[in-house]
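The values are calculated or read from the model by the stated rules, or taken from the named source; none is laboratory data. What you see is a predicted model, and the numbers here were worked out from it, not measured in a lab. Positions of Cβ are generated from backbone atoms using ideal geometry, with glycine treated the same way; all protein chains shown enter the neighbour counts. All accessible areas refer to the heavy atoms of the entire protein, side chains included, with ligands and DNA or RNA removed. Shrake-Rupley method; radii C 1.70, N 1.55, O 1.52, S 1.80 Å.
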Amino acid sequence: MKTNLIKDKSFDLAKEIVVLYHYLIKEKHEYILSKQLLRAGTSVGANVAEGIAGQSRKDFGHCLNIAFKEARETYFWLTLLKETNYLTKEKAEPVISKCDETIRILCTILKTLNGNDNPS
C-alpha cells in the first residue's frame, strides 16, 4: 500500500494526543481542557482519512480544510495546557512540534488545491 504523508502524520499526532489525554486525566486530574484537546487532536486525522476517501476534489478540499482548522485548535489547546503548567515544556514541545508540522503540511496541500495563498 502506498504511504500518504499527511495521513501518517495526522495519525501519529492523534496517537500522541491520546497519550497526553490519559496523562492529563490520570496525573493532573484535568478533565475539561484535556477533553477539548482530545476531540480536536483526533479530529485532524479523522478528517484527513475522510478527505482521502472523498468522492471528489471538492470533498477532499472540504475535509482537509476542516482538518486544518482542527489542527490549529489542537495547537491552541496544547499551548494553553503548557502555559498553564498542566503540561511541562518537555511533554508539550514534541507534540506541539508535530502539530505545527501537520498544520504546515495541510496548509501546503490546501494552497496547492486552491491555487492561491489562502488555505481556507
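At q = 0.12, 0.18 Å⁻¹, what base-10 log of I(q)/I(0) does the Debye formula yield for the chain when every alpha carbon is treated as an equal point scatterer in vacuo?
Evaluating at q = 0.12, 0.18 Å⁻¹ gives log10 I(q)/I(0) of -0.42, -0.85.
Let me check I have the definition right: for the stretch 1-60, take the eigenvalues of the Cα gyration tensor, multiply each by 5, take square roots. What are those semi-axes in whole Å, largest first? Don't skip to the end; give the middle numbers.
Numbers: eigenvalues 160, 32, 6 Å².
Semi-axes (√(5λ), whole Å): 28, 13, 5.
How big is the gap, in Å, between the Cα center of the stretch 51-107 and the Cα center of the stretch 20-35?
If you average the Cα positions of each part, the centres end up 18 Å apart.
Any idea of the accessible area per residue across the stretch 1-63, 1.4 Å probe, to the nearest Å²?
Ligands and nucleic acids excluded, the figure is 64 Å² per residue.
Loop-only check: which trypsin sites (Lys or Arg not before Pro) in the stretch 1-79 are DSSP coil with at most 14 other Cβ within 10 angstrom? Write out the running numbers ahead of the final one.
Numbers: sites: Lys2, Lys7, Lys9, Lys15, Lys26, Lys28, Lys35, Arg39, Arg57, Lys58, Lys69, Arg72; in loops: Lys2, Lys28.
Those satisfying the criteria are Lys2, Lys28.
Tell me the carbon and sulfur percent of the accessible area for the chain, rounded to whole percent, probe radius 1.4 Å. Provide the component values of the computation, followed by the final result.
Numbers: 3830 of 7180 Å².
Answer for the chain: carbon and sulfur cover 53 percent of the accessible area.
Based solely on its DSSP helices, what 222 nm [θ] is calculated for the chain when runs of n ≥ 4 H residues each add -39,500 (n - 2.57) and the sum is averaged over all residues, nearest 500 deg cm²/dmol?
Values: 4 runs with 97 residues, N = 120.
My calculation for the chain gives -28500 deg cm²/dmol from helical runs alone.
For the chain, what relative contact order do you get, as a whole percent, if you take Cα pairs closer than 8 Å and at least 6 residues apart?
On the way: 125 pairs, mean separation 31.4, N = 120.
Normalised by residue count, the contact order of the chain is 26 percent.
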